[in-house]
Amino acid sequence: MIGAKTSVVALIGNPVGHSHSPAIQNFFIKKYSMDAVYLAFEFSEKNLKKAFNGAEKLGFAGLNVTMPYKEKISGMVDKKDSIARVTNSVNTVKFDKKKEISNGFNTDVMGFLKPLDKKNFNWTESRCLVIGAGGAARSVIYGMVLKKVKKIWVHNRTKEKVRKIIKDFKTHPDNLIEPLDSINEPGGKVDDADLIVNCTPIGMNIESYRNFMPVPEKCNLKDKFIFDMVYDPVETLLIKKAIREGAEVISGIDLLVNQAGLSFEIWFGILPEDNCIEDIKNRILMDISKKRLK
Ligand code: NAP
């Protein structure tokens, strides 16, 4: 029961109304009998600093941070883990009440790597294609760098952002990450890639994205790993094509639940077990399909 000693954790962002994080985190809280509650707060950027300080002063245990504040919060926390430092993106904050400091973490990177590890993806031999160059792409690319992949091609509508990523991520060898200007050439890098990750909203369940795919219709995805960051719908056109052609597929829902599990571990010291992660994943999937039927 909620009482005076109940720990408060919360999601901050704008918007947050669509977020599945409250359902996921409150599921973990119940499952592991924590005396805690997870809420969501939406506010404009001009109130970000006050809200962040307010959460700390009110004694919140921690925060999740979503779009568009991950970078801004990265600049506000007192300490950061190495992944948050390099990606300049914080999605999890833990307030240390004794030391009166805030610690920032990025669980998106490990949340991306985990489902691929579970499918025994062979990282060191792999050539990877990342489509998009926003916040999600940065986490994905950093995960690939950590895993010492053979090559990372990055394709994005705005070329400048790819150049900025290459500049920001000092890699060994220094040509590990290469820009890919066009993905439409037959026999191009889409065919050569072992892993393709869609880090754009293309395929999302809204009018302007729903009927599009981030890769050319003609390419063959057989035997590749396809990771689509989009999770509503789970079966995007890209995922449908990948299944049809015999690829290994991973949906954005896997990242969503895995990064949430890692945040829960940061706050409460318990990493939700695989069956618990699967359980909440299936509930979220049901929730998404119910909403669509309405
Ligand atoms: P972001 O920082 O805003 O970046 C969006 C990226 O998508 C940019 O590279 C942008 O290209 C590209 N893009 C947008 N519309 C496009 C279009 N019509 N055609 C081609 N490219 C387009 O967003 P983000 O945080 O990286 O998120 C990207 C996607 O991943 C979103 O759909 C988000 O919901 C999803 N995501 C999922 C999870 C999860 O848990 N599964 C976590 C994070 C993000 P420009 O640079 O040219 O604008």
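The values are calculated or read from the model by the stated rules, or taken from the named source; none is laboratory data. All values reported here derive from a predicted model rather than from experimental measurement. Cβ coordinates were reconstructed from backbone atoms using ideal geometry, including for glycine residues, and neighbour counts include every protein chain displayed. Note: areas computed on protein heavy atoms with side chains; ligands, DNA, RNA excluded. Shrake-Rupley method; radii C 1.70, N 1.55, O 1.52, S 1.80 Å.
Where helices (runs of 4 or more DSSP H) sit wholly within segment 14-79, those with at least 1 residues that are closer than 21 Å to ILE288 by Cα occupy 21-31.
ILE196 passes every criterion in (1) more than 23 Å from GLU125 (Cα to Cα); (2) outside any helix (DSSP H, G or I) apart from (1). For the residues TYR231, TYR209, the requirement of being in a helix (DSSP H, G or I), under 20 Å from the mean Cα position of the chain (by Cα) and among the hydroxyl-bearing types (Ser, Thr, Tyr) singles out TYR209.
Within the set VAL249, VAL257, the sole residue that is open to solvent by less than 10 Å² (accessible area, probe 1.4 Å) and either within 14 Å of the ligand (Cβ to nearest atom) or β-branched (Val, Ile, Thr) (or both) turns out to be VAL257.
With touching a Phe, Trp or Tyr at 6+ places or on another chain (Cβ under 6 Å) and open to solvent by less than 50 Å² (accessible area, probe 1.4 Å) as the only criterion, which of ALA40, ALA84, ALA55, ALA36 stands out? So the residue among ALA40, ALA84, ALA55, ALA36 that is touching a Phe, Trp or Tyr at 6+ places or on another chain (Cβ under 6 Å) and open to solvent by less than 50 Å² (accessible area, probe 1.4 Å) is ALA84.
Please identify the pairs in which a residue from segment 51-74 that is touching a residue at least 40 places away in the same chain (Cβ under 8 Å) and closer than 14 Å to LEU39 by Cβ has its Cβ atom under 6 Å from the Cβ atom of a residue that is of a type in the set (S, T, N, Q) and away from the ligand (no atom under 16 Å from the Cβ), counting only partners at least 6 apart or on another chain. Once the first residue is touching a residue at least 40 places away in the same chain (Cβ under 8 Å) and closer than 14 Å to LEU39 by Cβ and sits in segment 51-74, its partners that are of a type in the set (S, T, N, Q) and away from the ligand (no atom under 16 Å from the Cβ) give ALA61/SER7. Of SER89, SER139, SER33, SER74, all but one fail to be of a type in the set (Gly, Ala, Ser) and more than 16 Å from the ligand (Cβ to nearest atom); the exception is SER33. Residues in segment 140-162 that are open to solvent by less than 40 Å² (accessible area, probe 1.4 Å) and among the aliphatic types (A, V, I, L, M) were compared, and the one that is nearest to the chain's Cα centre (by Cα) is VAL140. Of the residues making up segment 261-289, those that are assigned to a helix (DSSP H, G or I), open to solvent by 20 Å² or more (accessible area, probe 1.4 Å) and more than 16 Å from ASN64 (Cβ to Cβ) are ASP274, ASN275, GLU278, ASP279, LYS281, ASN282, ARG283, LEU285, MET286, ASP287, SER289.
Among the residues of segment 184-202, are any open to solvent by 30 Å² or more (accessible area, probe 1.4 Å) and within 12 Å of the ligand (Cβ to nearest atom)?
Looking for residues that are open to solvent by 30 Å² or more (accessible area, probe 1.4 Å) and within 12 Å of the ligand (Cβ to nearest atom), one finds at least one in segment 184-202, hence yes.
Screening VAL9, VAL77, VAL86, VAL16 for residues that are touching a residue at least 60 places away in the same chain (Cβ under 8 Å) and more than 19 Å from GLY269 (Cα to Cα) leaves exactly one candidate, VAL86. Restricting attention to segment 1-13, and to residues there that are open to solvent by less than 50 Å² (accessible area, probe 1.4 Å) and part of a loop (DSSP other than H, G, I, E, B), which single residue is farthest from LEU63 (Cα to Cα)? Result: GLY3. Test ILE243 against the criterion of being at pLDDT 95 or above, of a type in the set (Val, Ile, Thr) and open to solvent by less than 10 Å² (accessible area, probe 1.4 Å), and give yes or no. Against the criterion (at pLDDT 95 or above, of a type in the set (Val, Ile, Thr) and open to solvent by less than 10 Å² (accessible area, probe 1.4 Å)), ILE243 does not qualify.
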